[in-house]
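Have a look at the structure below, then the notes.
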Amino acid sequence: MAVRLLVPVPVGMADNNDGSRLLCLVGADARVVHDAAVPFWRYVVETYPSVRPGHHCEPYPSTMVVPAWLAAEIHKYVLGLSGAVDLRELAVEYCLIAGFVVWGAARLVRGLRIVPRAVVLGALFLILAEATFADYANSPYTETAALWGLAVFAVAGVAAMTKGPAQHAAYVIAWLSALFAVGAKVETLTLVVPLGAFFAVRKMEWGRLSGGRRSRVIPMLAVASLLGMAMWQGGAFGGGPHDQQTNTRNELTMALMPLSDDPGTVATGLGLPRSFGSYSGTSIWSEHPIQQDPAFDASRVTLPRIGGYLATHPRLTARVLASGSGPFLRMFRTGYYIGDYTKADSQGRSQREDHRVAVISWVAHHFAWIGFGGILAYWTACFVGAAVFRRRSEKGTLRHSFATVALVLAASSVIQYLTAVFGEGNEVTKHLVISLFCATLAPLWIFAAGFARSALPESAPEPVAARVWSDGSVTAVEAVEVDEVDVFSARNALPKFPGEATA
């Protein structure tokens, strides 16, 4: 993975002016490195200087602060380098995450035949190394946390459901990775639904918390913590509402109005003047944005009100729903506005596309003609395939575990698609990355379920040793239950006197 990301030159994702929210929290100044020669979104900038003393950072809840802070600490106190952080240090962290995920998957599929095992592990690396996903590792974006969390959960979740000595440790890792994914950013809080369901519907026997209702204690703690993380992202404890207002206003002017037959009707439907239809196609960062109009009423443009309007206008709802199919299938491969090479290595050409490992996006791009109907059929196939394998296998088996996690991943893909198209009118492509990631992992896990064992092994009979002895005229055989140590001793025993034999 390090070779894929850093050799011969680093690749990543350029800052689109959002990166300062994360970098500022770890003491890095993202704004001073950009100017007319190196504008935002065009080139990847690796190193960032420290912020000035007394600099105020915008509150920005995200679990991505943890790995970013770790990289900054290593940068300053372990490597002793100047500045606050180097994004390549985040790329190295991703390499470790990818290594852990592939190692965990290799442990899970070690019982499969060689061909399906090679397919699972090879395809898993192609997904983790895909340009659409891996480039986030070398960037200041918080989607990275969701990608990391879901990648670890995909493996740990299977191990947590499979009977074995590492089941409890895997459960804790799956729990922490789910928290990490839900808390990545405000758009990922909806992951609490499929991930919370994963923990809520199964018991966890652990020590004294075993049997009856006590086996529900740990799952309920997991669900409660996930709900708390989602509330944190939603602004229940501060932060969050600013992002929600931004996203809601962009959804109105950049999605609902442009997709409607009459933008003015959408404005009046929300209680705004009909003249506000002229803001169709603009954003809150336009020269004259909608929120600066004296007649603008912020209480009229909220997520619940937009949801109510769409509920009564199914035709517009269907158009918004289908509008994400293009970005979903074309991914980042068609003229995406964020560059992924550093300026020194891009030979003056901005917005170059990283094609080092882009198998998945290449395949998806060639199926872009199927539209939303094809996406719906794809999701349906994933749900049906996972459900069939899950129903035809015993709880605790590898097949049942792979199929269950595949269901969670497919549901995560659907709910993140809905979050992106209905919750963010701007940068839909960028916010669809979580849905894309889950959509690529789900069929791979279904494939693994198809080749995994579907039944628990039968309990082995008690070991038995036979003591054979003879008095010269009668031979007797006595069966004795023993453990492995006794068997070993019996195999090495010698007759103590003529006529006696031990087997």
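The values are calculated or read from the model by the stated rules, or taken from the named source; none is laboratory data. Keep in mind that what you see is a predicted model, and the values were worked out from it rather than measured. Note that each Cβ is placed from the backbone with ideal geometry, even for glycine, and that neighbours are counted across all protein chains shown. For the accessible areas, the whole protein counts, side chains as well, though only heavy atoms, and no ligand, DNA or RNA atoms are used. Shrake-Rupley method; radii C 1.70, N 1.55, O 1.52, S 1.80 Å.
Here is how the numbers come out for the structure above:
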item	result
Efficiency of FRET between Leu81 and Gln245 - r from beta-carbon atoms, R0 35 angstrom, step 0.05	0.35
Viscosity 0.692 mPa s, 37 °C: Kirkwood-radius Stokes-Einstein D of the chain over Cα pairs, µm²/s	129
Under Karplus coefficients 6.51, -1.76 and 1.60, residue-wise ³J(HN,Hα) of the range 138-143 in Hz, glycine/proline x	9, 7, x, 9, 8, 4
Straight-distance crosslink candidates among lysines, where the alpha carbon sits under 19 Å from Lys395 and sequence neighbours closer than 8 are dropped	Lys163, Lys203
Cα gyration tensor shape of the range 90-238, rounded if a/c is under 1.5, else prolate or oblate by comparing a/b with b/c	oblate
Amide H contacts of Val85 (H built 1.01 Å from N, under 5 Å, at least 5 apart or other chain)	Tyr48
Cα centroid of the range 256-333 to Cα centroid of the range 152-218, whole Å	38
Heavy-atom surface of the chain, accessible at 1.4 Å and reported per residue (Å²)	47
Candidate lysines - alpha carbon under 22 Å from Lys343, same-chain residues fewer than 8 apart omitted	Lys430
Any cysteine of the chain lacking a neighbouring Cys Cβ under 4.7 Å - listed by number	Cys95, Cys382, Cys438
Label point distance in nm, Glu353-Ala169, each placed 7 Å from Cα along Cα→Cβ	4.3
Taking the range 256-411 and dividing mean pair separation by its residue count, relative contact order in percent (alpha carbons under 8 Å, at least six apart)	13
Cα centre as origin, Lys/Arg/Asp/Glu Cβ charges: the range 89-228 dipole, Debye	1020
